[in-house]
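Here the structure is laid out as structure tokens; the discussion comes afterwards.
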Amino acid sequence: MDPQVRQFLVRWPQTLAVGAITLAPLALTVWALWLLAKLAALLGSLVIRPIGAWFGAGPPGALTTVLEIITAVLILTVVGVLARGAAGKAVGRAVDDFIGRIPIGRTVYSSAQKLIASFQSPIEQAQKVVLIEFPSEEMKTVGLVTQIFTAADSGEELAAVYVPTTPNPTSGYVEIVPVDRLVWLDWSLNEAVQFVVSAGVTAPEAIKYRTRGLPAQPPGPRPPAETPPVP
């Protein structure tokens, strides 16, 4: 066998790994954009497909997908504009009331609203990024606090923590963790998501690892300020 061919075959696994690592960021980006396009096409299909069925024949498959995505962008733009005004808020309340009358829809819709509202709070008002002990006390993973509540049997403060998975932070699971077992980080939600998506590559040089307890500004509604006594 030719020496150059033999050398190539010996180095081929390493070359393959280098190629995979080189294309991984592009592949993840394309995959994320593909998911967004699929979701947009699903939204747009609610308009385009009934119109195509009405006329008896729709455009070719590829053109249909493009039209669905464009329609979805237009719908989201119109909804965003209307949501800023009084009319949009009135429509939103009507939609909330309508879905609230559907047993299963009410549960899913209400939970999704609360989750999005929880993550919309700015980090200055509610620190949410924590480390939890998983899968053992000497190993930790990044989580996002979604709620603080009290144990009915012991009175212990507990936190509902959403643990995103790598490289897709939209999938994950929920852990209930005692508040005094959490390590609170000063990360923003954006920094936490970047850390998860990049598999830890995008991370600060230093990180708290063992200091537990509530931060200076705990999550949740702030207690009302005490009114000084009137002299």
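Since every read-out is calculated from the coordinates, none of them should be taken as a lab result. Note that this is a predicted model, so its numbers are computed, not measured. Here Cβ is always computed from backbone atoms with ideal geometry, including for glycine, and neighbour counts include all displayed protein chains.
A few notes on this one:
- Amide H contacts under 5 Å for PHE134: MET139, LYS140, THR141, restricted to partners 5 or more places along the chain or on a different chain, H placed in the peptide plane at 1.01 Å from N.
- The range 129-197, relative contact order [Cα under 8 Å, separation at least 6], %: 33 percent
- FRET efficiency, 1/(1 + (r/R0)^6) with R0 35 Å, evaluated for ALA32 and ILE99 via beta carbons: 0.80
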